[in-house]
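Worksheet for the structure shown next.
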Amino acid sequence: MYKFYLILFISGLSSTILRAQTKVSGKVTDKKNHPLQGVNISIKDSYDGATSAADGTFSFTTDATGEQSIIFSLNAFQTQEQKVNLSGPLTLNIILRNDISQLKIVTISAGSIEASSEKNNTVLKPLDIVTTGGAMADIVSALKTLPGTQQTNDREGLFVRGGTGYETQTFIDGLLVRNPFYSGLPDMPGRGRFSPFLFKGTTFSSGGYSAQYGQGLSSALVLESQDLPDRSSYSLGVSPIGFSGGLDELSKDKKGSFGIEADYTNLGPYLNVIKPKFEPSVNPEIIGTSANFRRKTSKTGMLKFYGYSNWTHMGSIRPSFEYEGGKELFEMKNQNVYTNLSYKELLGNDWKINAGVSFSTNTDRITLDTMPKNPDPLKIHNLSQLAQSRVMLTKNIGNFSALRFGGEYQYAVENAEYNGYKANYTDNYSAAFAEGDIYITPQFVGRVGGRMEYSSKIGKMNLAPRVSLAYKLDQNSQVSLAYGDYYQKPEQQYLRFKPDLDYMKATHYIASFQRVANNYTLRVEAFYKKYHNLVKTSPDTATNGTGYAKGIELFWRDRKSVKNLDYWVSYSYLDTKRNYLTYPYEVQPDFAAKHTFSVVTKYYISSITTNIGLTYSFATGRPYYNPNLPVSEFMSQKTIDYNSVGLSVSYLTAIRKAFTIFILSVNNVGNFKQVYGYHYSTDALRREAITPNIPRFIYLGMFMSFGIDRRQETIDNL
Amino acid sequence: MMKTFVLSFCLLVTTFSMTFAQSAQYQGAMAKQIALLDDPANHGPEKMQEIANTFERIAAAEKTQWLPYYYAAYCYVMNALMEKDKSKVDAIDDKAQNAILQADGLSPKNDEIYCIRSLIATARIGVDPQTRGMQFGSEAATWLAQAAQINKDNPRVDLLQGQSLYYTPEQFGGSKEKAKEKFEIALKKFAAFKPASEIAPHWGEEYTRQLLAK
């Protein structure tokens, strides 16, 4: 009896070991019959299976029998389940299909260059902006090495594709920035107010941009602020011209942070040593403070606040043009406050909300005086304030397509006071926009949208259609087309006195080819832009000016060919003419150069952890106005070509526990003569070249960052 | 009476032997793959993919065992660390991440799993050290610190901390000296370390010796 049970027991045991073995073999290929290697082939819920070899073949044995499922899985391909009946040797030839969600998807790219730390395959990284030689960590200076931009270093702003600086608008988290630049002195423009370190993403669009953004005829600079810091830190910066300090505190639960920063700059001692072209009337001083607060409101929600306050005082005394031996004083005090509060959250059901409010105020108090002449100094007091709100809803449709729509409202106060004479106005501006990114296939996308705007000052509505198409040729290459209408209010100094002005208008047509591989980028873009309703000031102030711009641009970046060397080359050809302001007819304007060329190189020497950035920029001469010439030769003369070499060297080291960077930055290393144009006296007898006030600026600074290590605390809170 | 007893005993033994057989199959399959992993000859990307696939099959069939997912993640992260083409690293690392999250779901607060998570973050640094160093460097260190908190005797924590010190430039807090100290501590812990079972994680001792010899 025992024996019987024992036999039963043993046979039961052995039956689990000795089962029939079935051989399964075959081959796995893709749709184009290329063998697929590394495919995981398995019988569902068993260990049995194999991995396909380089020729796509596989073979294994299994003791499973009857109805079974065999699963084939490989990264970037759709997993396939095959029902089989295992009764004898089986041969399977399987074709796996590409998993579309894993393929690279085409994105709208015409006209824009993006720097992002989060997305792959962007043309630039945020760090590129900081390490561009000679850019002095100024976003706009760094962008001037990209195609489509002009080397107009005598004027404020970014001049893009035959457009003026006013035609480029800056947006932070979707909200317009009214005064993105420091107020400058005549021919000495202020640099950008915002540090590149504030942003995780920068998109520079030289045309054809989304209906989300308006009021820029030529270009949009879209900045996206940083999210939570990785850890808490203190920072300290020292240079011969000033110092700065800040702290960034990450909350214990890692869901929030706050930061404050303050800086002081005084160029006085520096100017005493280097002797600028024009004598400063005061020691140029800048005092700045900023604060930020960020809070994760849920797993997917984020609330961000950024506030900035800045005070500057500067001035210059230059030889008078009108009065021999006299001097002209220009002195300015500027106060600027900028605040931005934004919120983003996923609402479920594939809906997303982005909302924001912003308030900014900017005051310029300017004193103009001709010395030793005795009229009272001229006092100018300009105040501009902007309050705005914006809401955008996004609905994702299917895997890739999305529908966006939203609205914004801006209330602007533009006050100007000129020796007690006031010319103030306010404007209520509202806009609504809608656009859809429609993927016909993952390789082919169309963006169709429009924007509707109404300004109470102009008293008219405009409707701007925008269309882009992009088609992916292969893994790395794509072609894009873009078309759009862009409207912008005339500058406040004209709108103030002539309320019947219309919107200025530009129509863009862009065609582009882009190839972004891991180590190199090639981008070729051609554009045509037609201007309507530009502001004319002669014979009357009216919006009846015209113009066009067309050109072709090249961008090449290579990170691989030379070890540790990263370089990019941009070239822009621009053919533009316009009839605006006092121009008698359409001519090449005085801010536009026909050929612009830049080479940016970055070389990293790892043994001494030093990064060397060298940038060379070239532009052909710009036209200038000579009042001695007849009208038929208006703007026919050109300045000399522009050359500039910028250098920055940054050395990374640790001083005790502080991560430290030493930065040496020099612009115009070669001390080339740079002439931007000429000023003529009223009688046209005297002229003076517009040249940089400081032909070669040298900056040396040290930045220290002390990380506060909270790892232990984090663990204790687990 | 006796019959009933024998019968029930045999039934008990049979059920036990069946679960035992299943468990033996698991142990055996795991041990075979781990032996392959322990052999440096198999450390090429194709072979590692094949071993990872096998672990994934075991994981999918077993459903409740964390070790097959753990080892699959280990294979993938090794491939990610060895991959020369930086554009491919993230996709491979994503596979490691998927597998380790499965393991983490089955065995929360596990120091061995945290070691792999640290390696996954480390592999991401390599794609673009200048941009990613800060974020993923601190993530990698945080996982190791958490692993040490759970099990201070885990030699792999010291090995990986040492490895990080060894390869980080001094300017960013690295130190070959401190790395050596860590490796020596790791070796002492390896000597005392008893894996929970034949198939529990036990890798790293030989690698520590190699690093120390550098």
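All of the numbers you see were taken from the coordinates with simple rules; none came from a lab. This one's a predicted model, so the numbers in the text were calculated from it and none came from an experiment. Counting neighbours? That spans all protein chains shown, and the Cβs are built from the backbone with ideal geometry, glycine included.
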- Item | Contact order relative to length of chain A, as percent, for alpha carbon pairs under 8 angstrom and 6 or more apart | 10
- Using the Cα gyration tensor of the stretch A:478-567, the equivalent ellipsoid's semi-axes, largest first and to the nearest Å, work out to 40, 15, 10
- Item | Nearest 10 degrees, 0 to 90: helix A:2-17 Cα axis against chain A principal axis | 40
- Task: Using only atoms on other chains, find how many Cβ atoms lie within 10 Å of each Cβ of peptide A:40-51 and report the average.
- Result: 6
- the stretch B:27-213, relative contact order in percent, only Cα pairs under 8 angstrom and at least six apart counted: 15
- Query: Taking chain B as a Gaussian network, where each spring joins two C-alpha atoms under 10 Å apart, which residue of B:141, B:72, B:80 fluctuates the most?
  - Reply: B:141
- Task: With r as the distance between the Cβ atoms of residue A:353 and residue A:291 and R0 = 22 Å, compute the FRET efficiency 1/(1 + (r/R0)^6) and round to 0.05.
- Result: 0.35
- Set the Förster distance to 35 Å, then compute FRET efficiency between residue A:87 and residue A:33 from the Cβ-Cβ distance, nearest 0.05. 0.75
- The distance between the Cα centres of the stretch A:607-646 and the stretch A:358-408, in whole Å, is 29
- Loop trypsin sites (Lys or Arg not before Pro), the stretch A:537-571, which have at most 14 other Cβ atoms in a 10 Å radius of their Cβ (DSSP): A:560, A:563
- Message: Between B:33, B:135, B:97, where does the largest GNM mean-square fluctuation fall for chain B, given springs only between Cα atoms within less than 10 Å?
- Response: B:135
- Query: At a Förster radius of 45 Å, what calculated FRET efficiency corresponds to the Cβ-Cβ distance of residue A:559 and residue A:419, to the nearest 0.05?
  - Reply: 0.20
- Among the helices of chain B (complete DSSP H runs), which have Cα atoms covering no less than 30 Å along the helix axis and a Kyte-Doolittle mean of at least -0.5? B:2-38, B:86-106, B:129-150
- Who wins for biggest fluctuation among B:90, B:128, B:153 in a Gaussian network model of chain B, springs between alpha carbons below 10 Å? B:128
- Message: Just to check I understand the Karplus step: with θ = phi - 60° and J = 6.51 cos²θ - 1.76 cosθ + 1.60, what whole-Hz values come out for the stretch A:544-560, glycine and proline as x?
- Response: 10, x, 9, x, 8, 8, 9, x, 9, 9, 10, 9, 9, 10, 9, 10, 10
- Of the stretch A:646-680, those with amide N under 13 Å from the point 7 Å along the Cα→Cβ vector of residue B:138 are A:659
- Task: Count the net charge of all other residues whose Cβ sits under 10 Å from the Cβ of residue A:222, scoring Lys and Arg as +1 and Asp and Glu as -1.
- Result: -3
- Query: Listing B:205, B:170, B:139 from the residue with the fewest other Cβ atoms within 10 Å to the one with the most, what is the order?
  - Reply: B:170, B:205, B:139
- Task: Stick to the Cα atoms of the stretch A:21-102, pair each with every other, and give me the Kirkwood hydrodynamic radius in Å at one decimal.
- Result: 12.6
- Item | Distance histogram for chain B (every C-alpha pair counted, 5 angstrom bins, percent rounded to whole numbers) | 1, 7, 13, 17, 19, 16, 10, 5, 4, 3, 2, 2, 1, 1, 0, 0, 0
- When you count, for each residue, the other Cβ atoms within 10 Å and take the mean per peptide, how do A:232-245, A:203-216 rank with the highest first? A:203-216, A:232-245
- Message: Quick check: pseudo-label points 7 Å beyond the Cα along Cα→Cβ at residue A:57 and residue B:178, how many nm apart are they?
- Response: 5.4
- Message: Around residue A:331, under 13 Å between beta carbons, what's the net of Lys plus Arg minus Asp minus Glu among the other residues?
- Response: 0
- On average, how many beta carbons from a partner chain sit within 10 Å of the beta carbon of a residue in A:204-215? 0
- With a ≥ b ≥ c taken as the square roots of the eigenvalues of the C-alpha gyration tensor of the stretch A:112-716, please select rounded if a/c is under 1.5 and otherwise prolate if a/b is larger than b/c or oblate if it is not? rounded
- Query: So how much slack lies between residue A:628 and residue A:79, counting 0.36 nm per residue of separation and subtracting their Cα-Cα distance, in nm?
  - Reply: 189.9 nm
